[in-house]
Amino acid sequence: MKLGILTGGGDCPGLNAVIRAVARRSMLRGYEVVGVREGWRGLVEGLFEPLGPREISGLLPRGGTILGTTRTNPYKTDAVDRVLENFQKEGLGALVAVGGEDTLGVAARLYKEHEFPVVGVPKTIDNDLSATDYTFGFDTAVFIATEAIDRLHTTAESHNRVMVLEVMGRHVGWIAVMSGIAGGADMILIPEQPVTVEHACAELQRRHDRGKDFSIVVVSEGYELTYASGERRGVAQNEPDQFGHVRLGGVGEELAREIEERTGYETRVTVLGHVQRGGTPTPRDRVLATRYGLRAADLVHEEKFGRMAALHGDAIVDVSLEEATAELKTVPKEWYDVASAFFG
Ligand code: F6P
């Protein structure tokens, strides 16, 4: 049987480790493995490349994706028929789709509407996919954000400044909360918790009143400035992509301005951006990606289509793609409470 693999959506560390694991296990079983280039675009346009032992060699620590990735949505561009046609023309019998809610949302729909033989692997630095405890890529992003907080601490302390760090995460605050806890942030602002600007400033003031001359604030890119009056203010947004997502970013700058104006503390902002997605995966992400990849290969072999490899506790299980993409996994209050125990 010929098996295709595609990687879609924003890249993240560990994608190549998944490709390696799927290919290694499937090749041993006698499958021919083919890479689909650039996410769903590869199936829309018929872009394929062979994945043999030579192509998958050295992939485990390598960041990004050797297959390329896009945010192409065949449902948005009326290209579903072309996906089905090219899949058949290439002689593929199954597909492993590695992606987040968008890429896997397409997979779930193709399976439901066309019995498309697809299995999923949960990828995203945002960790916002339901039905799995963690997505791979998240640990690396948290590691990088934590390192940034550590570095900001020493310069904040030297200059008696407030340092605002804006991190990614789209509409959930997982990266902000986890790196904030790990780095000892003095205030964390995330979309799930409508903490007001006034409250955040009061907490910083409280901290300074008890003798601290500097503070670290972590803000998630999806947080909207929220005021005691009830007003909420997002930042200017760009054109949405084919999945309807606007490009976020800029809240850190606005927040820093507000903090400086309201408290009088000198404030600087750092936007971490795509550094969070680049480079080599952490050992934890390499292991998780590898386990997901092996499970995806097994799901294909067992013809358990419409399923996604998932992490429950320490075990790799499988869940339905539909369940995994039904709603975003937000940060529960209990996690925020861990972080906020150290505010002020
Ligand atoms: O979903 C991953 C992610 O990195 C988000 O955290 C971020 O909002 C978005 O992708 C950035 O997208 P792009 O790479 O298109 O700028």
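The values are calculated or read from the model by the stated rules, or taken from the named source; none is laboratory data. These numbers come from a predicted model, not from an experiment. FYI the Cβ positions are ideal-geometry reconstructions off the backbone, even for glycines, and counts take in every protein chain you see. These area figures cover heavy atoms from the full protein model, side chains too; ligands, DNA and RNA do not enter into them. Shrake-Rupley method; radii C 1.70, N 1.55, O 1.52, S 1.80 Å.
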Quiz item: Mind checking which residues of the stretch 221-251 are within 17 Å of G169 (Cα to Cα), more than 13 Å from the ligand (Cβ to nearest atom) and open to solvent by less than 30 Å² (accessible area, probe 1.4 Å)?
Solution: L225
Practice problem: Would you check if there is a residue in the stretch 121-130 being crowded, with 21+ Cβ neighbours inside 10 Å, on the phi > 0 side of the Ramachandran plot, of a type outside the set (S, T, Y) and in the same structural domain as A310 (by TED's automatic domain parsing)? | Solution: yes
Quiz prompt | Pair list, Cβ < 9 Å and 6+ apart or interchain, from the stretch 287-311 residues that are more than 9 Å from V119 (Cα to Cα) to residues that are open to solvent by 10 Å² or more (accessible area, probe 1.4 Å) and hydroxyl-bearing (S, T, Y) | solution = L288/Y134; H301/Y31; L311/Y134
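Can you confirm whether the stretch 322-340 contains a residue that is among the aliphatic types (A, V, I, L, M), crowded, with 20+ Cβ neighbours inside 10 Å and within 30 Å of E113 (Cα to Cα)? Give the derivation first.
We begin by selecting, within the stretch 322-340, every residue among the aliphatic types (A, V, I, L, M); these are 324, 326, 328, 331, 338-339.
Subset that is crowded, with 20+ Cβ neighbours inside 10 Å: 324, 331, 339.
Right, trim to within 30 Å of E113 (Cα to Cα) and you get 324.
Checked against the condition, which is being among the aliphatic types (A, V, I, L, M), crowded, with 20+ Cβ neighbours inside 10 Å and within 30 Å of E113 (Cα to Cα), the stretch 322-340 yields at least one hit.
Give the residues of the stretch 201-254 that are acidic (D, E), closer than 18 Å to A185 by Cα and outside any helix (DSSP H, G or I), sorted by residue number. Give the steps one after another, and end with the answer.
If we filter the stretch 201-254 for residues that are acidic (D, E), which is where we start, we get 203, 209, 213, 221, 224, 231, 239, 241, 253-254.
Checking which are closer than 18 Å to A185 by Cα leaves us with 203, 209, 213, 221, 253.
Once the filter is applied, which keeps residues that are acidic (D, E), closer than 18 Å to A185 by Cα and outside any helix (DSSP H, G or I), the stretch 201-254 yields D213, E221.
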Exercise. Determine which member of the set I188, I181 is modelled with pLDDT of 95 or more, over 18 Å from R277 (Cβ atoms) and outside any helix (DSSP H, G or I).
Key: I188
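Looking at this structure, is E45 more than 24 Å from the chain's Cα centre (by Cα), under 24 Å from G279 (Cβ atoms), open to solvent by 10 Å² or more (accessible area, probe 1.4 Å) and in contact (Cβ under 8 Å) with a residue 12 or more places away in the chain?
On the way: more than 24 Å from the chain's Cα centre (by Cα): yes; under 24 Å from G279 (Cβ atoms): no; open to solvent by 10 Å² or more (accessible area, probe 1.4 Å): yes; in contact (Cβ under 8 Å) with a residue 12 or more places away in the chain: yes.
Considered against the rule, which asks whether it is more than 24 Å from the chain's Cα centre (by Cα), under 24 Å from G279 (Cβ atoms), open to solvent by 10 Å² or more (accessible area, probe 1.4 Å) and in contact (Cβ under 8 Å) with a residue 12 or more places away in the chain, E45 comes out as no.
Restrict the check to the stretch 256-272 and report whether at least one residue is of a type in the set (G, A, S) and either within 16 Å of the ligand (Cβ to nearest atom) or in contact with a His (Cβ under 8 Å, 6 or more places away or on another chain) (or both).
Residues of the stretch 256-272 that are of a type in the set (G, A, S), as a first pass: 256, 264.
The next check asks that each one be either within 16 Å of the ligand (Cβ to nearest atom) or in contact with a His (Cβ under 8 Å, 6 or more places away or on another chain) (or both); those that pass are none.
No, the conditions are met nowhere in the stretch 256-272.
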Quiz item: How many residues does the stretch 153-176 contain that are touching an Asp or Glu at 6+ places or on another chain (Cβ under 9 Å), within 16 Å of the ligand (Cβ to nearest atom) and open to solvent by less than 30 Å² (accessible area, probe 1.4 Å)?
Solution: 9
Practice problem: For the stretch 122-137, indicate whether the set of residues that are outside any loop (DSSP other than H, G, I, E, B), touching a Pro at 6+ places or on another chain (Cβ under 6 Å) and within 16 Å of the ligand (Cβ to nearest atom) is non-empty. | Solution: yes
Practice problem: Output the number of the condition that A141 fails; it satisfies all remaining conditions of (1) open to solvent by 40 Å² or more (accessible area, probe 1.4 Å); (2) within 26 Å of G180 (Cα to Cα); (3) in contact (Cβ under 8 Å) with a residue 24 or more places away in the chain. | Solution: (1)
Quiz prompt | Close pairs from the stretch 333-344: first outside the structural domain of L204 (by TED's automatic domain parsing), partner outside any helix (DSSP H, G or I) and of a type in the set (D, E, K, R), Cβ under 7 Å, at least 6 apart | solution = F343/D186
Exercise. Have a look at G58, G64, G14, G35 and point out the one that is at positive phi and open to solvent by less than 10 Å² (accessible area, probe 1.4 Å).
Key: G14
Exercise. Please list, ordered by first then second residue, the pairs with beta carbon atoms under 6 Å, 6 or more apart or interchain, first in the stretch 231-255 and within 16 Å of V219 (Cβ to Cβ), second within 10 Å of the ligand (Cβ to nearest atom).
Key: L248/E221; L248/G222; G249/E221
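With closer than 23 Å to R151 by Cβ, open to solvent by 80 Å² or more (accessible area, probe 1.4 Å) and within 19 Å of the chain's Cα centre (by Cα) as the only criterion, which of V218, V275 stands out? Write out each step before concluding.
Numbers: V218 fails: open to solvent by 80 Å² or more (accessible area, probe 1.4 Å).
Unique residue meeting the criteria: V275.
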